[in-house]
Amino acid sequence: MNRDQLREYLLFYQDLGVKNLYRRAAAASAEAMQIEPAYIEPAAPESPKLTTPKREVPVEKPAVPAASQTASPLIPLAPAGDTLARIVEDIGDCRRCRLCEGRSKIVFGSGSEQARLVFVGEGPGADEDAQGFPFVGRAGQLLTQMIDNTAGKEGIPIRRADVYICNVVKCRPPENRTPLPDEMEICGEFLFRQLMVLQPKAICALGSTAAKALLATKDGVTRLRGRWHKWRDIPVMVTYHPSYLLRPYNQNAKREAWEDLKTVLHYVYD
(Lines give C-alpha, C1' and ligand atoms only; values in the text may rest on other atoms or scores of the structure.)
Protein backbone atom coordinates (compact mmCIF):
# COMPACT_ATOMS: atom_id res chain seq x y z
CA MET A 1 0.00 0.00 0.00
CA ASN A 2 1.45 3.42 -1.13
CA ARG A 3 0.95 6.78 0.51
CA ASP A 4 -1.91 7.85 -1.75
CA GLN A 5 -3.87 4.75 -0.95
CA LEU A 6 -3.19 5.22 2.78
CA ARG A 7 -4.40 8.85 2.57
CA GLU A 8 -7.64 7.74 0.92
CA TYR A 9 -8.25 5.19 3.69
CA LEU A 10 -7.66 7.85 6.37
CA LEU A 11 -10.04 10.27 4.71
CA PHE A 12 -12.61 7.48 4.39
CA TYR A 13 -12.46 6.72 8.13
CA GLN A 14 -12.52 10.47 8.90
CA ASP A 15 -15.78 10.79 6.99
CA LEU A 16 -17.18 7.94 9.07
CA GLY A 17 -16.37 9.91 12.24
CA VAL A 18 -13.38 7.86 13.32
CA LYS A 19 -10.91 10.18 15.00
CA ASN A 20 -8.41 7.76 16.60
CA LEU A 21 -6.59 4.87 14.96
CA TYR A 22 -4.56 2.17 16.80
CA ARG A 23 -1.75 0.23 15.23
CA ARG A 24 -2.21 -3.59 15.39
CA ALA A 25 0.71 -5.64 16.68
CA ALA A 26 2.78 -7.25 13.94
CA ALA A 27 2.04 -10.86 13.09
CA ALA A 28 4.43 -13.47 14.36
CA SER A 29 5.47 -14.38 10.85
CA ALA A 30 4.35 -14.04 7.25
CA GLU A 31 3.59 -17.75 7.14
CA ALA A 32 1.31 -17.44 10.11
CA MET A 33 -0.73 -14.78 8.33
CA GLN A 34 -1.19 -17.03 5.30
CA ILE A 35 -2.53 -20.12 7.16
CA GLU A 36 -6.20 -20.60 6.49
CA PRO A 37 -8.37 -21.87 9.29
CA ALA A 38 -9.40 -25.47 8.93
CA TYR A 39 -13.02 -26.12 8.16
CA ILE A 40 -14.84 -27.74 11.05
CA GLU A 41 -18.16 -29.37 10.29
CA PRO A 42 -20.75 -28.34 12.84
CA ALA A 43 -21.76 -31.21 15.06
CA ALA A 44 -25.28 -32.51 14.80
CA PRO A 45 -27.44 -31.66 17.78
CA GLU A 46 -27.38 -34.47 20.30
CA SER A 47 -30.57 -36.09 21.46
CA PRO A 48 -31.23 -35.66 25.15
CA LYS A 49 -29.77 -38.48 27.28
CA LEU A 50 -30.67 -39.82 30.69
CA THR A 51 -27.47 -39.56 32.63
CA THR A 52 -26.77 -41.79 35.61
CA PRO A 53 -25.21 -39.91 38.50
CA LYS A 54 -21.64 -40.95 39.04
CA ARG A 55 -21.40 -43.21 42.02
CA GLU A 56 -19.00 -41.91 44.59
CA VAL A 57 -16.81 -44.60 46.08
CA PRO A 58 -16.56 -43.98 49.80
CA VAL A 59 -13.02 -43.40 50.93
CA GLU A 60 -12.26 -45.40 54.02
CA LYS A 61 -10.73 -43.19 56.61
CA PRO A 62 -7.94 -44.65 58.72
CA ALA A 63 -9.09 -45.77 62.11
CA VAL A 64 -8.14 -43.42 64.88
CA PRO A 65 -6.86 -45.20 68.00
CA ALA A 66 -9.20 -44.80 70.91
CA ALA A 67 -6.42 -43.35 73.02
CA SER A 68 -6.02 -40.41 70.64
CA GLN A 69 -9.74 -39.57 70.67
CA THR A 70 -9.77 -38.58 74.29
CA ALA A 71 -7.49 -36.60 76.48
CA SER A 72 -7.90 -38.87 79.50
CA PRO A 73 -4.57 -40.16 80.86
CA LEU A 74 -3.63 -43.82 80.58
CA ILE A 75 -4.14 -45.88 83.71
CA PRO A 76 -0.75 -47.13 84.94
CA LEU A 77 -0.26 -50.88 84.92
CA ALA A 78 0.98 -50.76 88.51
CA PRO A 79 -0.88 -47.92 90.28
CA ALA A 80 0.91 -46.04 93.01
CA GLY A 81 0.12 -47.36 96.47
CA ASP A 82 -1.23 -50.61 95.04
CA THR A 83 -2.20 -53.43 97.42
CA LEU A 84 -3.44 -56.98 97.06
CA ALA A 85 -6.81 -55.89 98.45
CA ARG A 86 -7.07 -53.19 95.80
CA ILE A 87 -6.28 -55.71 93.06
CA VAL A 88 -9.03 -58.01 94.33
CA GLU A 89 -11.41 -55.05 94.27
CA ASP A 90 -10.40 -54.16 90.70
CA ILE A 91 -10.91 -57.74 89.53
CA GLY A 92 -14.42 -57.76 91.00
CA ASP A 93 -16.77 -60.23 89.34
CA CYS A 94 -14.44 -60.42 86.36
CA ARG A 95 -16.05 -60.85 82.92
CA ARG A 96 -13.07 -59.82 80.85
CA CYS A 97 -12.59 -63.13 79.02
CA ARG A 98 -14.40 -66.37 78.23
CA LEU A 99 -13.06 -68.19 81.30
CA CYS A 100 -15.71 -66.49 83.44
CA GLU A 101 -18.42 -68.53 81.71
CA GLY A 102 -17.64 -71.82 83.44
CA ARG A 103 -16.00 -70.81 86.69
CA SER A 104 -17.42 -71.15 90.18
CA LYS A 105 -14.98 -68.90 92.02
CA ILE A 106 -12.15 -66.55 91.14
CA VAL A 107 -8.90 -67.95 92.54
CA PHE A 108 -6.80 -64.90 93.35
CA GLY A 109 -3.94 -66.25 95.46
CA SER A 110 -3.02 -67.16 99.01
CA GLY A 111 -0.15 -66.90 101.47
CA SER A 112 1.81 -64.25 103.28
CA GLU A 113 1.67 -60.69 101.97
CA GLN A 114 5.26 -60.32 103.24
CA ALA A 115 6.41 -63.43 101.38
CA ARG A 116 9.95 -63.39 100.06
CA LEU A 117 9.19 -66.28 97.70
CA VAL A 118 6.28 -66.49 95.24
CA PHE A 119 5.16 -69.61 93.37
CA VAL A 120 3.30 -69.05 90.11
CA GLY A 121 1.27 -71.87 88.57
CA GLU A 122 -0.85 -72.21 85.45
CA GLY A 123 -4.49 -72.00 86.51
CA PRO A 124 -7.06 -73.35 88.95
CA GLY A 125 -8.31 -76.92 88.74
CA ALA A 126 -11.64 -78.34 89.86
CA ASP A 127 -10.80 -78.30 93.60
CA GLU A 128 -9.40 -74.79 93.40
CA ASP A 129 -12.45 -73.59 91.47
CA ALA A 130 -14.73 -74.99 94.15
CA GLN A 131 -12.81 -73.60 97.15
CA GLY A 132 -11.43 -70.36 95.73
CA PHE A 133 -7.81 -71.07 96.79
CA PRO A 134 -4.82 -72.11 94.63
CA PHE A 135 -3.15 -75.54 94.85
CA VAL A 136 -5.55 -77.32 97.21
CA GLY A 137 -6.09 -80.48 95.14
CA ARG A 138 -3.68 -83.38 94.72
CA ALA A 139 -1.08 -81.20 92.97
CA GLY A 140 -1.43 -78.61 95.72
CA GLN A 141 -0.93 -81.20 98.44
CA LEU A 142 2.24 -82.36 96.72
CA LEU A 143 3.47 -78.75 96.49
CA THR A 144 2.82 -78.30 100.22
CA GLN A 145 4.87 -81.44 100.99
CA MET A 146 7.67 -80.28 98.74
CA ILE A 147 7.89 -76.89 100.46
CA ASP A 148 7.51 -78.11 104.03
CA ASN A 149 9.69 -81.22 103.75
CA THR A 150 12.48 -79.62 101.73
CA ALA A 151 12.64 -76.61 104.05
CA GLY A 152 12.69 -78.90 107.09
CA LYS A 153 15.47 -81.10 105.72
CA GLU A 154 17.54 -78.05 104.73
CA GLY A 155 17.09 -76.39 108.13
CA ILE A 156 15.08 -73.47 106.72
CA PRO A 157 12.32 -72.41 109.16
CA ILE A 158 9.49 -71.77 106.72
CA ARG A 159 6.27 -73.53 105.70
CA ARG A 160 3.80 -73.12 102.90
CA ALA A 161 1.97 -70.35 104.77
CA ASP A 162 5.14 -68.24 104.65
CA VAL A 163 5.25 -68.11 100.84
CA TYR A 164 2.72 -66.73 98.38
CA ILE A 165 1.07 -68.86 95.68
CA CYS A 166 -0.93 -67.68 92.67
CA ASN A 167 -1.64 -68.58 89.06
CA VAL A 168 -1.29 -67.03 85.63
CA VAL A 169 -5.09 -67.09 85.16
CA LYS A 170 -7.58 -66.68 87.99
CA CYS A 171 -10.46 -68.76 86.56
CA ARG A 172 -10.46 -72.45 85.75
CA PRO A 173 -10.06 -73.22 82.03
CA PRO A 174 -12.64 -75.75 80.73
CA GLU A 175 -11.51 -79.35 81.26
CA ASN A 176 -8.27 -77.98 82.72
CA ARG A 177 -7.00 -77.07 79.26
CA THR A 178 -3.99 -74.78 78.83
CA PRO A 179 -5.00 -71.09 79.01
CA LEU A 180 -5.16 -69.37 75.64
CA PRO A 181 -2.86 -66.43 74.85
CA ASP A 182 -5.59 -63.77 75.14
CA GLU A 183 -6.74 -65.21 78.46
CA MET A 184 -3.18 -65.13 79.78
CA GLU A 185 -2.76 -61.58 78.54
CA ILE A 186 -5.91 -60.31 80.27
CA CYS A 187 -5.17 -62.04 83.57
CA GLY A 188 -1.50 -61.16 83.22
CA GLU A 189 -2.31 -57.60 84.23
CA PHE A 190 -3.36 -58.79 87.69
CA LEU A 191 -0.44 -61.22 88.03
CA PHE A 192 1.88 -58.33 87.18
CA ARG A 193 0.32 -56.18 89.89
CA GLN A 194 0.49 -58.99 92.43
CA LEU A 195 4.20 -59.46 91.87
CA MET A 196 4.85 -55.72 91.90
CA VAL A 197 3.07 -55.41 95.26
CA LEU A 198 4.81 -58.42 96.81
CA GLN A 199 8.29 -57.63 95.42
CA PRO A 200 9.63 -61.09 96.34
CA LYS A 201 13.28 -61.94 96.44
CA ALA A 202 12.64 -64.78 93.96
CA ILE A 203 9.87 -66.36 91.90
CA CYS A 204 9.42 -70.05 91.22
CA ALA A 205 7.55 -70.74 87.98
CA LEU A 206 5.69 -74.05 88.11
CA GLY A 207 5.41 -75.51 84.61
CA SER A 208 5.83 -74.23 81.09
CA THR A 209 2.73 -72.00 81.05
CA ALA A 210 3.95 -69.99 84.02
CA ALA A 211 7.45 -69.85 82.55
CA LYS A 212 6.15 -68.55 79.22
CA ALA A 213 3.98 -65.95 80.93
CA LEU A 214 6.82 -64.61 83.06
CA LEU A 215 9.74 -64.94 80.68
CA ALA A 216 8.06 -64.45 77.27
CA THR A 217 9.78 -67.56 75.94
CA LYS A 218 8.77 -70.56 73.87
CA ASP A 219 11.20 -72.92 75.59
CA GLY A 220 9.88 -75.73 77.73
CA VAL A 221 10.68 -76.59 81.34
CA THR A 222 13.41 -79.06 80.43
CA ARG A 223 15.46 -76.35 78.73
CA LEU A 224 14.71 -73.63 81.28
CA ARG A 225 15.04 -75.38 84.63
CA GLY A 226 18.20 -75.57 86.70
CA ARG A 227 19.33 -71.98 86.11
CA TRP A 228 18.21 -68.50 87.03
CA HIS A 229 16.23 -66.18 84.79
CA LYS A 230 14.88 -62.67 85.35
CA TRP A 231 11.46 -61.03 85.61
CA ARG A 232 11.92 -57.27 86.03
CA ASP A 233 15.21 -57.87 87.88
CA ILE A 234 13.62 -60.49 90.15
CA PRO A 235 15.32 -63.92 89.85
CA VAL A 236 13.09 -66.66 88.45
CA MET A 237 13.63 -70.40 88.80
CA VAL A 238 11.59 -72.64 86.49
CA THR A 239 10.65 -76.14 87.58
CA TYR A 240 8.05 -78.82 86.87
CA HIS A 241 4.40 -78.33 87.77
CA PRO A 242 3.33 -80.61 90.65
CA SER A 243 0.59 -82.18 88.49
CA TYR A 244 3.33 -83.38 86.13
CA LEU A 245 5.22 -84.90 89.05
CA LEU A 246 2.16 -86.94 90.07
CA ARG A 247 2.54 -89.12 87.00
CA PRO A 248 4.27 -92.38 87.95
CA TYR A 249 6.78 -92.38 85.09
CA ASN A 250 8.34 -89.03 86.02
CA GLN A 251 10.76 -90.16 88.74
CA ASN A 252 13.68 -88.22 87.28
CA ALA A 253 11.54 -85.08 87.08
CA LYS A 254 10.70 -85.41 90.79
CA ARG A 255 14.36 -85.50 91.73
CA GLU A 256 15.09 -82.49 89.51
CA ALA A 257 12.16 -80.55 90.97
CA TRP A 258 13.42 -81.12 94.51
CA GLU A 259 16.85 -79.89 93.47
CA ASP A 260 15.31 -76.77 91.94
CA LEU A 261 13.31 -76.12 95.10
CA LYS A 262 16.39 -76.49 97.31
CA THR A 263 18.22 -73.96 95.15
CA VAL A 264 15.35 -71.47 95.47
CA LEU A 265 14.92 -71.90 99.22
CA HIS A 266 18.60 -71.46 99.96
CA TYR A 267 18.82 -68.41 97.72
CA VAL A 268 15.87 -66.71 99.39
CA TYR A 269 16.30 -67.66 103.05
CA ASP A 270 20.01 -68.26 103.63
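If a spin label sat at a point 7 angstrom from the Cα of residue 88 along the line to its beta carbon, the backbone N atoms of segment 150-164 nearer than 20 Å would be those of 160-164. Other residues whose C-beta falls under 13 angstrom from the C-beta of residue 187 contribute a net charge of +1, scoring Lys and Arg +1 and Asp and Glu -1. If you roll a 1.4 Å probe over segment 140-199 with all protein chains in place, what percent of the accessible area is carbon or sulfur? Reported share for carbon and sulfur atoms: 50 percent. When the alpha-carbon atoms of segment 146-225 are used, the pair Rg, Dmax equals 14.4, 42 angstrom. Summarising the label geometry, the points placed 7 Å from Cα in the beta-carbon direction at residue 251 and residue 178 lie 2.8 nm from one another. Modelled this way, with points 7 Å down the Cα-to-C-beta line, the labels at residue 223 and residue 262 are 2.7 nm from one another. Basic side chains Lys and Arg get +1 at the Cβ, acidic Asp and Glu get -1 at the Cβ, and with that the dipole of segment 156-270 about its Cα centre reaches some 240 debye. Highest mean packing comes first when the peptides 116-127, 228-239, 186-197 are listed by Cβ atoms within 10 Å, giving 116-127, 186-197, 228-239. Peptides 254-262, 206-214 ranked from most to least packed give 206-214, 254-262, packing being the mean of other C-beta atoms within 10 angstrom over each peptide's residues. Neighbours of residue 221, meaning other residues whose beta-carbon lies under 15 angstrom from its beta-carbon, give a summed charge of +3 when Lys and Arg score +1 and Asp and Glu score -1.
On full extension, the segment bounded by residue 98 and residue 148 gains 14.4 nm, given 0.36 nm per residue less the C-alpha separation.
If you take the Cα centroid of segment 84-106 and the Cα centroid of segment 256-270, the two points sit 32 Å apart. Listed cross-link partners 105/170; 153/212; 201/230 are compared with a 20 Å cut-off, the Cα-Cα value being larger for 153/212.
Each other residue within a Cβ distance under 11 Å of residue 158 adds +1 if Lys or Arg and -1 if Asp or Glu, for a net charge of 0.
The values are calculated or read from the model by the stated rules, or taken from the named source; none is laboratory data. Here the structure is a predicted model, which means the values were calculated and not measured. Cβ sites come from the backbone with ideal geometry, for glycine too, and all protein chains shown count toward neighbours. Each accessible area value is taken on the protein alone, full model and side chains, heavy atoms only, with ligands, DNA and RNA left out. Shrake-Rupley method; radii C 1.70, N 1.55, O 1.52, S 1.80 Å.
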